[in-house]
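S.K.: First, the structure itself, so that you have it in front of you.
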Amino acid sequence: MKLDSFGDWRRTHYSVDVKPEMDGLEVTLFGWVQEIRDLGGIRFIILQDREGTIQITIPRKKVANEVLSKSDILQKRYSIGVKGTVKKTEVTPRGVEVIPKEIKIFGTAAPQLPIDITGKTPASLETRLDARALDLCQDKNIAVFKIQHAAVEAIRDFLFEKGFVEVHTPRIIASATEGGAALFPVDYFGRKAFLAQSPQLYKEQLVMSLEKVFEVGPFFRAEESHTRFHTSEFVSIDIEQAFADAEDVMQLLERLMQHVCKVVNEKCGKELALLKHKIEVPTVPFKRLTYDEVLKELERESVNVPWGEDIPTPALRTLGKIHPHFYFITDWPTHSKAFYIKPRDDKPEICEGFDLMWRWLELVSGGTRIADKELLIKRLKEKGLNPEAFKFHLQAFDFGMPPHAGWAIGLERLTMMLTGKRNIREVTLYPRDKFRVTP
């Protein structure tokens, strides 16, 4: 089949912009065929674009023969253009349809698609991910990523307004950012390098010049975990601030979360309704619970976590039932947190690290950083790390490192909270995990 030339056609409206009060006006629409219904004397094409759908109505006796012949060969997911007249009607849900004067076919699709694009026939997540480009065309998936976009835009606007500078740190590094073996090796011109786990060390160095920095970008962790809440490649939203401590950046974080929830509610009402999800705008300050308080709460629920250990997922689920909203866990055991988190001056076995939780899910981790070189070397050794591997980072502490603090938000986990999705792969465009590196 010979495809039509795009030519001088240009979109005049998205589907959502076509209103009943435009009755009689000519519009040019672009999109994809979502459904076709043929009733003999009349044919209905549901045209989908990124903003929604609109009905294209083709009465056989009232349209040109060329329009009829084009509509005869249309199939689901054909990419088309429609030039036609808006008609007010009582028949469609939105009270409007378009009667085509001309149809152009720009792209065809296979007769048998791997998934039902309307979502009426459900498919397993693995089947959907195998055909991810098509799966992302479903209305509910478009809604998820429009919400994610609104959240990132809100975060950027908030941080810009607070005087933060956006930065871009390296993704290819010479040694572990945070220690451990969860690194993806890279052959870097015959030398061994790694994909970055986080921008932590770079953003700490950048507070010496730019003072308040943030980054939105992908990072990589070769963890064996294969759960509904972990992927090997993820987007992290990091901030670091000079002349600040954990409490300063916690206050910044809770106001940011409040702002994001408010903006997404305001901008994404249609998308949230489609997902049947409600976002409650939180009040600040958020509840602050110490690690010791959390362990006591869990003990009252007959869940015992030995002091000093990380809190396992089953225990966190219990905690989430007690606290079904946002809350901080503070005053963690020093040895349970990364080497760069500052121990408390008055009680070194406890550190100035924190996690922001939403129900039982950890969304953010952060804290006051160590600004003293000798203490940092000591903590590296305690963690079984070789200070020599961090010599370029340690060198920065000879140049006037200020007190500083920061945090990192997992964008995909934040999106889970904002959309109600329960698997991180559903809020990742093309997820990468232990078993999936395609498509």
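S.K.: Counting just the residues of the stretch 90-123 that are farther than 25 Å from Ser69 by Cβ, modelled with pLDDT of 95 or more and not assigned by TED's automatic domain parsing to the domain that holds Lys19, which one comes out farthest from the chain's Cα centre (by Cα)?
M.R.: Pro114
S.K.: For the stretch 54-74, name all the residues that are more than 24 Å from Met1 (Cβ to Cβ) and not β-branched (Val, Ile, Thr).
M.R.: Gln55, Pro59, Lys61, Lys62
S.K.: Still on this structure, I have one more. State whether one or more residues within the stretch 142-160 are free of Cβ contacts under 8 Å to residues at least 60 places away in the same chain and hydrophobic (A, V, I, L, M, F, W, C).
M.R.: Yes: the stretch 142-160 contains one or more residues that are free of Cβ contacts under 8 Å to residues at least 60 places away in the same chain and hydrophobic (A, V, I, L, M, F, W, C).
S.K.: Among Val82, Val186, which is the only one that is crowded, with 18+ Cβ neighbours inside 10 Å and either touching a strand residue (DSSP E or B) at 6+ places or on another chain (Cβ under 6 Å) or assigned by TED's automatic domain parsing to the domain that holds Phe44 (or both)? Before you say what the answer is, go through the steps one by one.
M.R.: Values: Val186 fails: crowded, with 18+ Cβ neighbours inside 10 Å.
Just a single option satisfies the conditions, and that option is Val82.
S.K.: Now for a different question. Does Ala244 meet the test of being closer than 23 Å to Thr169 by Cβ and touching a His at 6+ places or on another chain (Cβ under 7 Å)? Outline the logic, then answer.
M.R.: Working: closer than 23 Å to Thr169 by Cβ: yes; touching a His at 6+ places or on another chain (Cβ under 7 Å): yes.
So Ala244 passes the test.
S.K.: Could you please let me know if Gly52 is touching an Asp or Glu at 6+ places or on another chain (Cβ under 8 Å) and either under 16 Å from Glu102 (Cα atoms) or touching a residue at least 60 places away in the same chain (Cβ under 8 Å) (or both)?
M.R.: yes
S.K.: Taking Glu233 as the residue in question, decide whether it is touching a strand residue (DSSP E or B) at 6+ places or on another chain (Cβ under 7 Å) and not hydrophobic (A, V, I, L, M, F, W, C).
M.R.: Details: touching a strand residue (DSSP E or B) at 6+ places or on another chain (Cβ under 7 Å): yes; not hydrophobic (A, V, I, L, M, F, W, C): yes.
Here the answer is yes, as Glu233 does meet what is asked.
S.K.: Restricting to the stretch 297-308, name every residue that is closer than 16 Å to Asp331 by Cα and surrounded by 12 or more Cβ atoms within 10 Å (Cβ to Cβ).
M.R.: First, pick out the residues of the stretch 297-308 that are closer than 16 Å to Asp331 by Cα: 297, 305-308.
Hits for the stretch 297-308 are Glu297, Val305, Gly308.
S.K.: Still on this structure, please answer the following. Considering only the stretch 372-439, give the helices (runs of 4 or more DSSP H) lying wholly within it that have at least 2 residues that are among the basic types (Lys, Arg) and surrounded by 13 or more Cβ atoms within 10 Å (Cβ to Cβ). Write out each step before concluding.
M.R.: Working: elements: 373-382, 391-395, 411-419.
In the stretch 372-439, the matching helices (runs of 4 or more DSSP H) lie at 373-382.
S.K.: Is there a residue in the stretch 185-205 that is part of a strand (DSSP E or B), modelled with pLDDT of 95 or more and under 27 Å from Ala154 (Cβ atoms)?
M.R.: No, the stretch 185-205 has no match at all.
S.K.: Restricting the stretch 97-131 to residues that are within 20 Å of Lys61 (Cα to Cα) and hydrophobic (A, V, I, L, M, F, W, C), which is surrounded by the fewest Cβ atoms within 10 Å (Cβ to Cβ)?
M.R.: This residue is Ile99.
S.K.: Would it be correct to say that Thr227 is assigned to a loop (DSSP other than H, G, I, E, B), under 24 Å from Ile155 (Cα atoms) and either out of contact with any strand residue (DSSP E or B) (no Cβ under 6 Å at 6 or more places or on another chain) or in the same structural domain as Pro402 (by TED's automatic domain parsing) (or both)?
M.R.: Working: assigned to a loop (DSSP other than H, G, I, E, B): yes; under 24 Å from Ile155 (Cα atoms): no; either out of contact with any strand residue (DSSP E or B) (no Cβ under 6 Å at 6 or more places or on another chain) or in the same structural domain as Pro402 (by TED's automatic domain parsing) (or both): yes.
So Thr227 does not fit the description; no.
The values are calculated or read from the model by the stated rules, or taken from the named source; none is laboratory data. It should be emphasised that the depicted structure is a prediction, and the values quoted were computed from it without experimental measurement. Heads up, the Cβs are rebuilt from the backbone with ideal geometry, glycines too, and the neighbour counts pull from every protein chain shown.
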